Amino acid sequence: MIHFLGVFFYAASGAFAAFTARYKLVGVLTLGLTNAFGGGVVRNLVFGVPVTNVTSTETLCIILSTLVFLFVVSRYFVHHWRRWGLWFDSVGLVSYALQGAIYAKSHSGSFGMIIISALLTSTGGGIIRDLLARRRPSVFQHEVHALLAVGLGAAVYFAGNMCIKGIALPLLIVFAVGIRMYTMHLAKTNNGKLKIGLHRPS
């Protein structure tokens with residue numbers, strides 16, 4: 001469930017980024033595929049795992065169908081790209097962080113590897129996508145992306161299967177997506193700057 005949820009939403013997020021950059025079909029496909037596969041590829045390269053394990057025929061069909069559909073209907077929701085793009089990106093980020101953490105837990109089980117895997121899987125594709133869309137990667141501008149990935153990785157490490165079974169999984173996703181949406185809203189109201197932590201007095 002987490003895999004296909006993340007694939008769908010992150011592919012759509014890549015498409016919205018392409019629409020914002022006014023890219024055509026090739027650009028939509030490139031950014032969508034990059035966003036959906038980039039994090040997994042980066043993670044596997046770091047862990048020394050074959051990148052062919054990232055995808056499957058079923059996954060690729062879901063991504064391509066999503067991207068082509070969004071491209072065809074894009075003219076009808078041109079004014080909603082930014083709003084929907086943030087929501088889709090938030091769900092994809094959370095889903096991929098959980099997926100990366102679960103992947104590392106099943107292969108290693110160490111806390112450090114789980115956190116690194118959650119970070120790379122959830123942010124790797126988005127960084128490449130933003131660079132291809134000629135904009136600053138959002139993960140470098142807002143700490144909440146990394147903090148969410150670390151928090152979700154820690155939840156998988158300490159709670160194990162308890163946080164990914166039954167009602168706990170959708171509740172965890174909704175909670176994490178809500179945090180990301182709220183913090184990004186705060187960043188928007190503060191001229192795009194969201195600072196977390198202690199600040200030195202002037």
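The values are calculated or read from the model by the stated rules, or taken from the named source; none is laboratory data. Owing to the predicted nature of the structure, the values given are computational and were not obtained by experimental measurement. Here the Cβ is made from the backbone with ideal geometry for all residues, glycine too, and neighbour counts use every protein chain on show.
For region 2-37, the set of residues classified as of a type in the set (Gly, Ala, Ser) and over 16 Å from residue 177 (Cβ atoms) consists of 11, 14, 15, 17, 18, 21, 27, 32, 36, listed by residue number. Here is the figure for region 109-167: residues that are among the small types (Gly, Ala, Ser), more than 15 Å from residue 93 (Cα to Cα) and in a helix (DSSP H, G or I) total 5.
Residues in region 11-46 that are free of Cβ contacts under 8 Å to residues at least 12 places away in the same chain and within 14 Å of residue 96 (Cα to Cα): 1 in all. Counting only helices (runs of 4 or more DSSP H) that sit wholly inside region 1-77, those with at least 3 residues that are at pLDDT below 90 and touching a Gly at 6+ places or on another chain (Cβ under 8 Å) are 2-20.
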